[in-house]
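See structure below.
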Amino acid sequence: MSVETRVLQLPVLPLRDVVVFPHMAVPLFVGRERSVAALEAAFERVGKDILVVAQVNARTNDPTAPDMFDVGCVATVGQILRLPDGTVKVLVEGRRRARIVRFIDQSPYLSAEVEILDAADAAVPESDDLESLRVEARQAFEAYLKVSRRVPPEVLASVAQIEEPGQLADTMAAHVGFKIAERQELLSLAPPVARLKRLVELIRAETETLAAESRIRKRPQPLDRAGRADGDAGIGRKLRDPLHHRVQFAAAAGKLISALGQAALRFGNLTGAIHEAAKLLRTDRLAQSRSRQGIPPTPACRLQRG
């Protein structure tokens, strides 16, 4: 079977932090005027085709050619719904990956000439190695599902029915929480077998990361001197938090001022007041320590605290 290499001219929809794969349906909220115009133009086409392509930097508000990756996905535009705030909600379904040949900056939207890359996915010949790779990919995906809460379990059943390696790779990639760079790498890999092999490597790495994070969350928290659970992070925050120190200092200063006031009333001079205040504070700390240990206060402590 020959590989299709025809060039198409399509409206372009730049996306922030989203990579659309073939066989993937995704709802999008579009607010930029040129993007809305591109959607409307695509909706009027016979096939309702549009090129969806991820931006290199999601913060760019008016992207041009250097601000977008050179491989995107030809998608079909579904029903367009205008929301009261002017935003457009649309469902797009990825069909084929395509490489951008050149951009055409026409008004009121951006267009591009694109070359279809993966029209011949179904032509991959069957072999024992390919079947082993499919099994390996499904096992890696199943292991990922066990540590991830992002994917519903029924997705595994649907993946088990897919035989074509390119579609299998794209379907799995769409459901794994990869970073944008990793998703774009998989989108740019047109050969189905190479894509599936790379996908297995990335899924295993992602699974190991999630499993390590899960073990850390389940690790028992150390106990403080009073027997209360207090995680390392919490202790570190208390030690580093200047507000915590200010609160503790204010509480201590308040006790000192109160003790000085009581002592001054009894002694009438500053020297005696300072000595008496120190005694009151020592008695107060002793009472607090005995209380934490469950020891009833002594009569002297009750007298001073009363």
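Take the conditions (1) in a strand (DSSP E or B); (2) in contact (Cβ under 8 Å) with a residue 40 or more places away in the chain; L130 misses just one of them, which is (1). I'd like to check something: does segment 37-48 contain any residue that is assigned to a strand (DSSP E or B) and surrounded by fewer than 18 Cβ atoms within 10 Å (Cβ to Cβ)? Within segment 37-48, not a single residue is assigned to a strand (DSSP E or B) and surrounded by fewer than 18 Cβ atoms within 10 Å (Cβ to Cβ).
So how many residues does segment 1-35 have that are assigned to a helix (DSSP H, G or I) and either modelled with pLDDT of 95 or more or among the hydroxyl-bearing types (S, T, Y) (or both)? Final tally of qualifying residues: 1. Hey, any hits in segment 150-169 for a residue that's under 29 Å from D49 (Cβ atoms) and in contact with a Pro (Cβ under 6 Å, 6 or more places away or on another chain)? The answer is yes; a qualifying residue exists. Residue count for segment 49-92 satisfying the condition of being among the β-branched types (V, I, T) and either part of a helix (DSSP H, G or I) or open to solvent by 60 Å² or more (accessible area, probe 1.4 Å) (or both): 2.
The helices (runs of 4 or more DSSP H) falling completely within segment 149-199 that include 2 or more residues that are buried (at least 16 other Cβ atoms within 10 Å of the Cβ) and not aliphatic (A, V, I, L, M) map to 165-175, 180-188. Please work out if I100 is closer than 30 Å to Q55 by Cβ, open to solvent by less than 50 Å² (accessible area, probe 1.4 Å), at pLDDT 95 or above and not in a helix (DSSP H, G or I). Yes, satisfied.
The values are calculated or read from the model by the stated rules, or taken from the named source; none is laboratory data. Remember, predicted model here, so these are calculated numbers, not experimental data. Because the Cβ atoms are built from the backbone with ideal geometry, glycine has one as well, and the counts that use them run over all protein chains shown. We work out accessible area using only protein heavy atoms, side chains counted, and drop any ligands, DNA or RNA first. Shrake-Rupley method; radii C 1.70, N 1.55, O 1.52, S 1.80 Å.
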